[in-house]
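Below is one structure; the comments refer to it alone.
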Amino acid sequence: MSEKVKDSQSVLKRIELLRKKINEHNYQYHVLDNPQIADAEYDKLFRELQLLETENPKLITTDSPTQRVGAEPLKEFPEVEYEIPMLSLENAFAKDDVLAFDERIHERLNLAPEIEVEYSCEPKLDGLAISLRYEKGILTRASTRGDGTTGEVVTENIRTIKIVPLRLQGDDYPNVLEVRGEVYFPKASFEKFNAASFAKGEKTFANPRNAAAGSIRQLDPRITATRPLSLFCYGIGVVEGKKLPERHSDVLAQLKSWGLPVSKDVTVMPGIEGCLEYYAMIGAKRSALAYEIDGVVYKVNNTAEQIRLGFVSRAPRWALAHKFPAQEVKTVIENVEFQVGRTGALTPVARLKPVLVGGVTVSNATLHNMDEVNRKDIHIGDTVIVRRAGDVIPEVVSVAKAAVKGQRKTIKLPKACPICHSAIEQIEDEAIARCSAGLFCPAQRKEAIRHYASRRALDIEGCGEKIIVQLVDENLIDNPADLYALTLEQLAGLERMAEKSAQNLLDALEKSKKTTLSRFLYALGIREVGEATAKNLAKYYGDLPPLFTATEESLQEIEDVGPVVARHIVSFFSEEHNHKVIDKLLQAGVHWEKVKTSAKALPLAGQTFVLTGSLAAMSREEAKEKLENLGAKVAGSVSAKTSVVVAGAEAGSKLAKAKKLNVQVMEEEAFLALLKQPT
Ligand code: IVH
């Protein structure tokens, strides 16, 4: 042991001093981009701390800078339910949409058109959204966005990212602080990382975003630790024990003072014209930025106004993502094949001469359907413009140069399904042609099972496309329910499947049996029933059996359900075959907790309102009764579970609490409009 630290008191003091120094240097280096010491000096401090900790293991704390990388891989990621959801953003591509956004803000805030709204302008990072939770200044949890309300806890992986402080700086931070931001893979490191992985014959990633997501969503933190990930913070979630500044930009500055990284490219701009200037400015320097962005974000800077503006479904009214145009390049269509989707839809897919679009090699692009092919007059052999935007499938936009006669071949819809050779049917007025065989078509069967097992459905880990294709081709399964009858022997007999992974898959299947009604409904793959509709159905009906007998008319009372969706739902549940599969799934042990539907079929069912202040149009008792008639619960105090606070004149502490908790606030006018809706 070194001379200067003989007794345990002074060892502790030295350890604490070293940690403080190292944290400070980390902050200077990573967050402020302004290193104060040479790397060798930093390493010396780090090694001294490591040595002292090895000699005095009792003094190791989890927030020590030496403790970023855990030793053991996890078995799974636990889930977290967010008190304040992680929202998404409304997108705009055109200038007019941006101007319309600003107009809406003026209207809702009752501002004269000449008054300029102050906006925080930020790069829209293309990575993975993360929520960091600090309790008493210590990082206690880090989690992914998931579906916005439920995320995955990935603390061990996030701890390995050096820019993420394990302990906040200073001492004026709130007792609880949830910070929201984006984990990203810096562009320069991405190129190097991919080149090195390729050379070693390891997995490469299509783009920095996939690399960031893949690095966080894997179970061994030691692997994450080898990835040069970084983070920028752009917002907050739950905050307890301290009032944060009233301007969003000041909140970000405050986060930075606590050691959290915020992009240098965040700026405050007066008025929407200022935002458009910012868009042009960032667009011009996009390629020089160290990180990938797919646009910019404008946010009303005043947080009290943000609260007044509230939310629509999953996105705040006070923010807008102004996206950059998609990237486009030219290439040649070498062939066209037809893919059969989950619902039998035949999609023409162009096989292209491989081409780089925004750093990604594209060799296939969708042609959507035959109407589009004809409308755009696309032929095999043509040179076409291919577009790729974010994570959407690349598409053929238009013909750039038609191939010369003789080399130009017409794209023809096949007469029979390319997979099962059944007849193709095309409903009049519908652009889409479908294989008529339904689940008898192996392609549709595979897709239906793949959908059932997918992450947002029953989330059966390890049950990917390759396995399902083999299982269906070898006649081991026909439908999702058959998955649960698979044996270890059958699975271990598959190609590239060792006994261990076969057992893992059986475990994953077992685990998937405990699910939620909304996931199950989504997993059934009813046409046009996506996640949001499945959630609404679950909330409305509470359990599965009532859906069996629901009529098209009654279904349309549900949010998001129009005549087409209603028809698909009724037709799905009128199929004998589907009932057999559902029965088998339930018999196999798939189950969920009944969803509480306090006042079934009413428009405000499941929502909790709090009334505060006095309303001009009616007494509080009357307002309460009206709300209850619409199915809402009316509570006396505001909590994070409150859906809406109705604020009349002279609203007091409840309004303040609502703002603090980011609960939607409704003024009298909006409230009266809400009451007008039919029951
Ligand atoms: S704010 C309450 N700011 O974009 C609004 N999001 O398309 C929540 N993103 O899920 C988001 N940069 O992952 C915000 N400066 C930024 C952002 C940003 C990237 C991501 C975020 C979000 C997604 C929505």
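The values are calculated or read from the model by the stated rules, or taken from the named source; none is laboratory data. Computed from a prediction, not measured in an experiment: that's the story for all the values here. Cβ placement follows ideal geometry from the backbone for every residue including glycine, while neighbour counts extend to all protein chains displayed. Heavy atoms of the whole protein, side chains included, go into the accessibility calculation; ligands, DNA and RNA do not. Shrake-Rupley method; radii C 1.70, N 1.55, O 1.52, S 1.80 Å.
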In the stretch 178-282, which trypsin sites (Lys or Arg not before Pro) are in a loop and have at most 14 other Cβ atoms within 10 Å, using DSSP for the loop call? Lys200, Lys203, Lys242, Lys243, Lys264
In vacuo Debye scattering of the stretch 1-125, one point per C-alpha: log10 I(q)/I(0) at q = 0.09, 0.15 Å⁻¹? -0.58, -0.88
Can you tell me how much longer the chain between Ala617 and Gln587 gets when fully stretched, taken as 0.36 nm per residue apart minus their C-alpha distance, in nm with one decimal? 5.4 nm
For Lys353 and Lys330 in the same chain, what is the full-extension length gain: residue separation times 0.36 nm, less their Cα-Cα distance, in nm? 7.3 nm
How big is the gap, in Å, between the Cα center of the stretch 185-229 and the Cα center of the stretch 604-679? 48
The stretch 178-284, relative contact order in percent, only Cα pairs under 8 angstrom and at least six apart counted: 29
Val570, Val179, Val392, reordered so the largest accessible area comes first (probe 1.4 Å): Val392, Val570, Val179
Could you please state how large a percent of the accessible area of the chain is carbon and sulfur, counting protein chains only and using a 1.4 Å probe? 50
Rolling a 1.4 angstrom probe over the protein chains, ignoring ligands and nucleic acids, what is the accessible area of Tyr278 in square angstrom, nearest 10? 0
Could you provide, to the nearest whole Å², the per residue accessible area of the stretch 78-152 with probe 1.4 Å? 47
If I take R0 = 41 Å and measure r between the Cβ atoms of Lys466 and Glu428 in this structure, what FRET efficiency does the formula 1/(1 + (r/R0)^6) give, to the nearest 0.05? 0.60
Lone Cys, the chain, Cβ cut-off 4.7 Å -> Cys121, Cys233, Cys275, Cys463
Where does each of 99-112, 469-482 land if you order them by average Cβ count within 10 Å, highest first? 469-482, 99-112
Order 427-435, 36-44 from most to least packed using the mean count of other Cβ atoms within 10 Å. 427-435, 36-44
The stretch 108-238 shape via C-alpha gyration tensor axes, a/c threshold 1.5: oblate
The answer for GluC sites (Glu not before Pro) in the stretch 254-346 that fall in a DSSP coil and have at most 15 neighbouring Cβ atoms within 10 Å is none
Loop trypsin sites (Lys or Arg not before Pro), the stretch 370-423, which have at most 15 other Cβ atoms in a 10 Å radius of their Cβ (DSSP): Lys405, Arg408, Lys412, Lys415
From the Cα centre of the stretch 53-116 to that of the stretch 335-373, the distance in Å is 34
If you wrap a convex hull around the C-alpha atoms of the stretch 237-297 and split its volume per residue, what is the figure in Å³? 110
Restricting to Cα pairs under 8 Å and 6 or more apart, the percent relative contact order of the chain works out to 9
Tell me what the chain gives for mean residue ellipticity at 222 nm when only DSSP H runs of n ≥ 4 count, each as -39,500 (n - 2.57), the sum divided by the residue total, rounded to 500 deg cm²/dmol. -10000 deg cm²/dmol
Relative contact order (percent, whole number), the stretch 1-100, Cα cutoff 8 Å, 6+ residue spacing: 22
With the 1.4 Å probe rolled over protein heavy atoms, the stretch 361-472 has an accessible area per residue in Å² of 54
